[in-house]
Amino acid sequence: MIHTNPVPMLRIRHPDISEVQIEWHREVITIGRDQQNDIVITHPLASRRHATLEHDTHGYLVRDLKSTNGTFVNGQVISDMMRLNSQDVILVGATEIVFVDPEATQKGELPNFSVRKPPEGDIIIDDGAKTVHIKGALLDPPLTVKEFQLLHLLYRRNGNVVSKEDIAKDIWDYEVYDFNAIDALVYRVRQRIEVDPAQPKFLVTVRGFGYKLIINSDS
């Protein structure tokens with residue numbers, strides 16, 4: 001009789017669907033919003049190519065593919081890759097993937113289903129897909145290259161003020177730039193993302209310092 005090693009399982013959980021259980025046969029399993037992935041997660045916080053699950057001679061691991069909103073394991077964001085232990089919970093967007101290793105010697109029950117609340121925000125930017133969601137709606141048509149670069153720069157700064165000098169260095173790669181061009185770029189972005197561009201609630205001016213992005217408006 002031929003004996004084969006038991007295959008690890010992945011239990012995929014989402015608040016809106018029933019739990020799905022699959023066997024981990026492949027050396028690499030891809031995760032992301034793109035339909036070509038092995039595990040497709042249609043959520044605005046998931047990047048097109050978000051993460052991979054990998055099997056090597058040392059065991060099993062999850063690797064983040066420089067996703068915009070991060071890959072979490074047991075509630076902690078990972079910087080690159082992390083080795084997996086049985087019953088570890090991987091979070092991408094609002095989807096949990098529970099790794100179950102049948103060869104593990106751990107005891108205890110599988111953790112209760114509890115989806116970690118995804119980061120809140122009226123503005124969600126996916127750098128990989130170059131998309132912007134405003135209050136859950138995809139911004140269409142998309143921003144121009146310079147418009148996207150400006151909005152993403154402010155988004156990365158997480159509510160901190162960005163000076164015009166820093167904007168010039170980041171977007172135009174200049175030490176000094178015509179600041180009128182930056183003002184015009186800000187004006188165009190406001191026309192796309194604000195309900196009332198004359199009274200902006202997202203992209204605001206901090207007089208004498210620069211601009212900042214508020215991802216949660218008051219309205």
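Just name one of Ala198, Ile215, Ile17: the one whose Cα is farthest towards the positive end of the charge dipole of the chain (beta-carbon charges, Lys/Arg +1, Asp/Glu -1). Of Ala198, Ile215, Ile17, it is Ala198. For the chain, the longest principal axis of the alpha carbon atoms and the long axis of helix 145-156 meet at an angle near 70°. Note on Asn160 and Asp80: the extension gain reaches 26.3 nm, defined as 0.36 nm multiplied by sequence separation minus the Cα-Cα distance. Rounded to whole numbers, the Karplus 3J(HN,Hα) couplings from phi for region 63-69 are 10, 7, 9, 6, 5, 5, 9 Hz, using 6.51 cos²θ - 1.76 cosθ + 1.60 with θ = phi - 60°, and x at Gly and Pro. Given +1 at the Cβ of Lys and Arg, -1 at the Cβ of Asp and Glu and no other charges, the dipole of region 1-84 around its Cα centre is 180 debye to the nearest 20. Once the Cβ-Cβ distance of Asn216 and Arg63 is raised to the sixth power relative to R0 = 30 Å, the FRET efficiency obtained is 0.45.
Rounding to the nearest 10 and keeping the result within 0 to 90°, find how far the Cα-based axis of helix 179-193 lies from the longest principal axis of the chain. Approximately 60 degrees, to the nearest ten. Note on Ser18 and Ala181: their simple-model spin labels are 5.8 nm apart, each label 7 Å out from Cα toward Cβ.
Restriction of the chymotrypsin sites (Phe, Trp or Tyr not before Pro) in region 124-219 to DSSP coil positions whose beta-carbon has at most 16 other beta-carbons within 10 angstrom yields Tyr174, Tyr177, Phe209.
Quick one: divide the alpha-carbon radius of gyration of region 126-219 by 2.2 N^0.38 Å and tell me what you get. So the Cα radius of gyration is 1.02 times the expected 2.2 N^0.38 Å. Remark on the chain: ratio of C-alpha radius of gyration to 2.2 N^0.38 Å is 1.24. Once you've got the GNM for the chain with C-alpha springs shorter than 10 Å, pick whichever of Ile123, Ile17, Ile182 has the biggest mean-square fluctuation. The residue that fluctuates most here is Ile17.
Here region 139-219 is assigned +1 on the Cβ of each Lys and Arg and -1 on the Cβ of each Asp and Glu. Its dipole about the Cα centre then comes out at about 180 debye.
Any read-out appearing in this document is the output of simple, stated calculations on the displayed coordinates, not a laboratory observation. Being a predicted model, the structure only gives us computed values, none of them experimental. Every residue, glycine among them, receives a Cβ derived from its backbone with ideal geometry; neighbour counts consider all protein chains shown.
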